[in-house]
Amino acid sequence: MRAIVFHEFGLPSVLRLAEAPTPTPGLGEVLPEVHAVSVNRTFDLVVRAGKYAGRPPLPHVLGVDPCGIVRAVGPYLTERKVGDRVACQAIIGVEPNGAPRLLGVHTWGGYAEYVKVPARATHLIPDGLDFMTAAVVARHAPLAFTQLRERAQVKPGEWVLVMGAAGGLGSAAVQAAKYLGANVIAAAGSDARVDAAIKLGADAGVNYRTQDLASEVRRITNGAGVNRGPGEYR
């Protein structure tokens, strides 16, 4: 298969298109053909630069959240089949020290034609969803739900302020907060981005480059302020 491989840490120029052995899925594993994968700031850029806390052994292939079509399955596997459209989650296991084992960090990732992953780390993609969108959803939606539901414990009727509300994580947070029954204020750096967040369900918006964020939040909430802000869910 072809893969984007690097043999030393450094600038983007260390990345090279190269031939690599196509993985063979083992017990409990599947082999998706990759159709989309994101560029992740921490797990791709920082790892490639050699500045991540745990450097992977070299050579290495990045890519934490590939999406694609299953082309092979491991022995006795029944929960996935060839032809399934799947998104792969970043956490694929646990390291000996108890830290999460990450696809594209501790193992070769999705910057390749094929990637081997545990079947339990894959999720079926609805037929109407394209692979690029699925990759973004798989990267950000689980984090947004986890942080809002478990960490911030958002309740129906509360006010939630989402910063960067039109970005990948922010847009997922807007939708997750609305799903949990909250009233959402979307803050972004342009009117167009505020409008985009409102179209995703936000109840109100603030352009923090042209408006005073604190006074606008107080006005929108009739002086009460928000119940949950960025420090509680990021």
Subject >> Rounded FRET efficiency, nearest 0.05, which uses the C-beta distance separating Thr221 from Gln153 and R0 of 25 Å >> reply: 0.85
Original post:
Could you give me the ³J(HN,Hα) list for the range 106-119, computed from phi with Karplus coefficients 6.51, -1.76, 1.60 and θ = phi - 60°, whole Hz, x at Gly and Pro?
Top reply: 8, 9, 4, x, x, 7, 7, 5, 9, 9, 9, 9, x, 4
Subject >> Nearby lysines by direct alpha-carbon distance to Lys116 (threshold 21 angstrom, same-chain neighbours under 8 apart not counted) >> reply: Lys81
**OP:** Among the aspartates and glutamates, select those whose C-alpha is under 18 Å from the C-alpha of Lys199, and discard any that sit fewer than 8 residues away in the same chain.
**Re:** Asp191
Original post:
In the range 1-80, which GluC sites (Glu not before Pro) are in a loop and have at most 16 other Cβ atoms within 10 Å, using DSSP for the loop call?
Top reply: Glu8, Glu79
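Per DSSP helix of 4 or more residues, -39500 (n - 2.57); summed, then divided by the residues of the chain. What does that give at 222 nm, rounded to the nearest 500?
That comes out to -6000 deg cm²/dmol.
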Original post:
Taking the chain as a Gaussian network, where each spring joins two C-alpha atoms under 10 Å apart, which residue of Ala53, Ala134, Ala177 fluctuates the most?
Top reply: Ala53
**OP:** Report relative contact order for the chain in percent, whole number only (criteria: Cα-Cα under 8 Å, sequence separation at least 6).
**Re:** 16 percent
**OP:** Indicate the gyration tensor shape class of the range 92-166 (rounded, prolate or oblate), computed on the Cα atoms with a ≥ b ≥ c the square roots of the eigenvalues: a/c under 1.5 is rounded; otherwise a/b larger than b/c is prolate and the rest oblate.
**Re:** oblate
**OP:** Mind checking which of Cys67, Leu11, Leu31 is farthest towards the positive end of the range 2-129's charge dipole, using Cβ charges of +1 (Lys, Arg) and -1 (Asp, Glu) about the Cα centre?
**Re:** Leu11
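Give the percent of DSSP beta bridges with both residues in the chain that are antiparallel, rounded to the nearest 5.
Working: 25 of 36 bridges.
That works out to approximately 70 percent antiparallel.
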**OP:** For the range 54-66, just list the computed ³J(HN,Hα) in residue order, Karplus coefficients 6.51, -1.76 and 1.60, θ = phi - 60°, integers in Hz, with x standing in for Gly and Pro.
**Re:** x, 6, x, x, 9, x, 9, 10, 7, x, 8, 9, x
Subject >> Candidates Asp84, Asp212, Asp44: whichever shows maximal mean-square fluctuation once the chain is modelled as a Gaussian network with Cα springs under 10 Å >> reply: Asp212
Original post:
What ³J(HN,Hα) values, in whole Hz, does the Karplus curve 6.51 cos²θ - 1.76 cosθ + 1.60 give for the range 128-140 when θ = phi - 60°, with x put for Gly and Pro?
Top reply: x, 9, 6, 5, 5, 5, 4, 5, 5, 4, 5, 6, 9
**OP:** Compute the Cα gyration tensor for the range 142-233, then decide on rounded, prolate or oblate, letting a ≥ b ≥ c be the square roots of its eigenvalues: rounded whenever a/c is under 1.5, prolate when a/b is larger than b/c in the other cases, and oblate in all that remain.
**Re:** oblate
Subject >> Dipole magnitude (debye, nearest 20) for the chain, charges at Cβ of Lys, Arg, Asp, Glu >> reply: 300 debye
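FYI, it's all coordinate maths here, none of it is from the lab. The shown structure was predicted, so the numbers you read here are calculated from the model rather than taken from an experiment. In this analysis, Cβ positions are derived from the backbone assuming ideal geometry, glycine residues included, and neighbour counts consider all displayed protein chains.
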